[in-house]
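The values are calculated or read from the model by the stated rules, or taken from the named source; none is laboratory data. On a predicted model such as this, the values are computed, not experimentally measured, just so you know. Methodologically, a virtual Cβ is constructed for each residue, glycine included, from the backbone with ideal geometry; neighbour enumeration extends over all protein chains shown.
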Amino acid sequence: MSSPPALELKGLTKTYGDKHTALSDVSLSIRPGEIFALLGPNGAGKTTLIGSVCGLVKKTSGKVFVFGQDLDEDPVRPRYQVGLVPQEINFDPFFTVAESLYIQQGFYGQPRDEARVREVLTALNLQGKANAITRALSGGMKRRLLIAKALVHKPKLVFLDEPTAGVDVELRRDLWTYVRKLAAEGTTIVLTTHYLEEAEELADRVGVINEGRLLLVEEKTQLLKRLGEKRLLVHFS
Ligand code: ATP
């Protein structure tokens, strides 16, 4: 039997208040292990889509399945397999880096695992910062901690909400390398971006969303063919 999609959305709709439809009848299936880029301008509905899967936004209608499990039937356990790197800082400024990660492990029903914390800190180039108070970290280190926090419970499906917005070239390059490594290890990645170049660089498939509607979903190679082979890719290596 083939494995279920990592994420499946069926007619996902979110209306804020009486009339503002942020997501309109979005259906999408994400394959296990792929890197999927959701491309769209400000206000397109990208963060609302992620929030609906991660439990931060209450959907108005439609269905969400994570690795085949219906979130309406069990809104908790399937989400243990999901990690989220949000746009905004979501850790307490007065805890240490390591404490923030232990809290996250507890939040996902896991025992304190010091070896795993060391592992993610090393992977994110934060070794030596375990005992630093988070508010004392530089902006780039805070970004790295956001990612470490999203990964410390070993999720199989990871959302990165505009991970490279406002970051410097070195961090962007590190991040791209790390996303590829995660995917090579079998983690499914969904990232949102405003930049076609980023989608081109990383994604297996690209979805374009605008005004809450998913306008197209295409293999990156197909999309590039349609846009023209000579398209200049941005490389930071
Ligand atoms: P960005 O790239 O700027 O982060 P986005 O694609 O992530 O944008 P969303 O943040 O999902 O877009 O917003 C989609 C629409 O829903 C926007 O018009 C936004 O103003 C609206 N919206 C988002 N959150 C709320 C909320 N809590 N209450 C009312 N409207 C909201």
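Beta carbons closer than 8 Å, at least 6 apart along the sequence or on distinct chains, pair a first residue in the range 31-49 that is closer than 13 Å to Leu9 by Cβ with a second that is in a loop (DSSP other than H, G, I, E, B) and more than 15 Å from the ligand (Cβ to nearest atom) for Phe36/Ala203; Phe36/Asp204.
Tell me, yes or no, whether the range 138-160 has at least one residue that is within 14 Å of the chain's Cα centre (by Cα), in contact (Cβ under 8 Å) with a residue 40 or more places away in the chain and exposed (fewer than 15 other Cβ atoms within 10 Å of the Cβ). Scanning the range 138-160 turns up no residue that is within 14 Å of the chain's Cα centre (by Cα), in contact (Cβ under 8 Å) with a residue 40 or more places away in the chain and exposed (fewer than 15 other Cβ atoms within 10 Å of the Cβ). When restricted to residues that are within 16 Å of the ligand (Cβ to nearest atom) and of a type outside the set (S, T, N, Q), the range 154-196 contains 13.
Among residues that are farther than 20 Å from Val158 by Cα, more than 8 Å from the ligand (Cβ to nearest atom) and without any contact (Cβ under 8 Å) to a residue 24 or more places away in the chain, Ser2 is included. Within the range 7-23, is even one residue out of contact with any Phe, Trp or Tyr (no Cβ under 9 Å at 6 or more places or on another chain), within 11 Å of the ligand (Cβ to nearest atom), modelled with pLDDT of 95 or more and closer than 17 Å to Leu216 by Cα? For the range 7-23, residues out of contact with any Phe, Trp or Tyr (no Cβ under 9 Å at 6 or more places or on another chain), within 11 Å of the ligand (Cβ to nearest atom), modelled with pLDDT of 95 or more and closer than 17 Å to Leu216 by Cα: present.
In the set Val167, Val179, only one residue is at pLDDT below 90, within 17 Å of the chain's Cα centre (by Cα) and within 22 Å of Met141 (Cβ to Cβ); that residue is Val167. Residues that are under 20 Å from Gln81 (Cβ atoms), within 21 Å of the chain's Cα centre (by Cα) and not polar (S, T, N, Q) within the range 103-137 comprise Ile103, Gly106, Phe107, Tyr108, Gly109, Arg116, Val117, Glu119, Val120, Ala123, listed in sequence order. Residues satisfying the criterion are present in the range 34-41 (criterion: away from the ligand (no atom under 13 Å from the Cβ), in contact with a Lys or Arg (Cβ under 9 Å, 6 or more places away or on another chain) and among the aromatic types (Phe, Trp, Tyr)). I need a count of the residues in the range 9-32 that are surrounded by 19 or more Cβ atoms within 10 Å (Cβ to Cβ) and charged (D, E, K, R). Qualifying residue count, the range 9-32: 1. Yes or no: the range 211-221 includes at least one residue that is exposed (fewer than 15 other Cβ atoms within 10 Å of the Cβ), under 30 Å from Lys19 (Cβ atoms) and in contact (Cβ under 8 Å) with a residue 60 or more places away in the chain. Yes: one or more hits.
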